[in-house]
Amino acid sequence: MGFQAKQYHLSASQLLVASPEKAFPLLCPTREYDWIETWKCDLIYSDSGFAELDCVFTIFFPGDEKETWVVDRYEPNVLIQFIRVCESRVIRYSIELIDNNNGTTTALWKQTITTLNEAGDNFAAGLTESIFNKKIQKLEQMLNHYLTTGEMLRD
């Protein structure tokens with residue numbers, strides 16, 4: 001029998017100190033340069049130069065595979081969803097923004113990882129709920145710093 005694909009589901013939430021209208025535009029491959037110190041991507045396709053439906057970009061995180069990301073859902077101030085593809089896995093990555101009607105936003109980050117081979121299994125098995133939550137909390141800290149100061153949080 002061959003390789004048996006597996007699926008993993010991860011989720012975490014953030015409390016952002018801004019409205020969805022202020023936070024949402026920052027969830028963009030171009031705008032992430034403003035608030036994520038280590039961010040690097042190659043924008044492949046975008047009519048506007050920013051996140052939009054069918055925007056395509058690539059990312060290479062050191063020690064990992066190069067990934068191609070496609071924006072497959074784009075609902076301004078409400079939801080952005082990416083499909084991330086590389087040789088070992090496909091990931092559906094969504095960020096939903098919920099207006100708390102008090103100047104804050106709850107951001108729900110969800111990933112569904114489908115493994116394509118043993119390397120994908122190893123990647124997914126190593127990305128526990130705890131590790132995923134720590135990554136999302138670090139992004140929350142960086143995003144909130146930018147939202148309150150207009151400056152990138154530097155290590």
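What follows is calculated from the coordinates using simple rules that are stated; it is not laboratory data. Everything quoted here is computed from the prediction, not taken from an experiment. Because the Cβ atoms are built from the backbone with ideal geometry, glycine has one as well, and the counts that use them run over all protein chains shown.
Figure the gain on full extension for GLU129 and ILE83 (residue separation times 0.36 nm, minus the Cα-Cα span) and round it to one decimal in nm. Walk me through the numbers on the way to the answer.
Working: separation 46, 0.36 × 46 = 16.56 nm, distance 1.96 nm.
Roughly 14.6 nm would be gained on extension.
About the Cα centre of the chain, how large is the charge dipole given +1 on each Lys and Arg Cβ and -1 on each Asp and Glu Cβ? Please answer in debye to the nearest 20.
340
Using the alpha-carbon atoms, what tilt in degrees (0 to 90, nearest 10) does helix 129-149 show relative to the longest principal axis of the chain?
30
Name the residue farthest towards the positive end of the dipole of the stretch 7-148 from the options ASN122, TRP35, ILE136, assuming +1 on Cβ of Lys and Arg, -1 on Cβ of Asp and Glu, about the Cα centre.
Selected residue: ILE136.
Quick one: longest stretch of the chain between exposed loop trypsin sites (Lys or Arg not before Pro), exposed meaning at most 15 other C-beta atoms within 10 Å and loop per DSSP?
Longest site-free region, per DSSP loop and neighbour criteria: 41-153.
Any number yet on Rg/Rh for the chain, C-alpha, Kirkwood?
A ratio of 0.97.
When the chain is fully extended, how far beyond the present Cα-Cα distance does SER11 get from LEU108, taking 0.36 nm per residue of separation?
34.2 nm
When the helix-only estimate is applied to the chain (DSSP H runs of n ≥ 4, each -39,500 (n - 2.57), divided by the residue count), what is the mean residue ellipticity at 222 nm, nearest 500 deg cm²/dmol?
About -7000 deg cm²/dmol.
What is the distance in Å between the Cα centroid of the stretch 94-116 and that of the stretch 134-155?
The stretch 94-116 and the stretch 134-155 have Cα centres spaced 16 Å from each other.
Whole-Hz Karplus ³J(HN,Hα) for the stretch 62-68, in order, using 6.51 cos²θ - 1.76 cosθ + 1.60 and θ = phi - 60°, x for Gly and Pro?
So the Karplus estimates, Gly and Pro as x, are x, x, 9, 7, 5, 10, 9 Hz.
Whole-Hz ³J(HN,Hα) for each residue in the stretch 113-124, computed from phi via Karplus 6.51 cos²θ - 1.76 cosθ + 1.60 with θ = phi - 60°, x for glycine and proline: what do you get?
9, 10, 7, 10, 6, 4, 4, x, 4, 5, 4, 5
Among GLN14, PHE61, LEU97, flag the residue with its Cα farthest along the positive direction of the charge dipole of the chain, charges on Cβ as +1 for Lys/Arg and -1 for Asp/Glu.
GLN14
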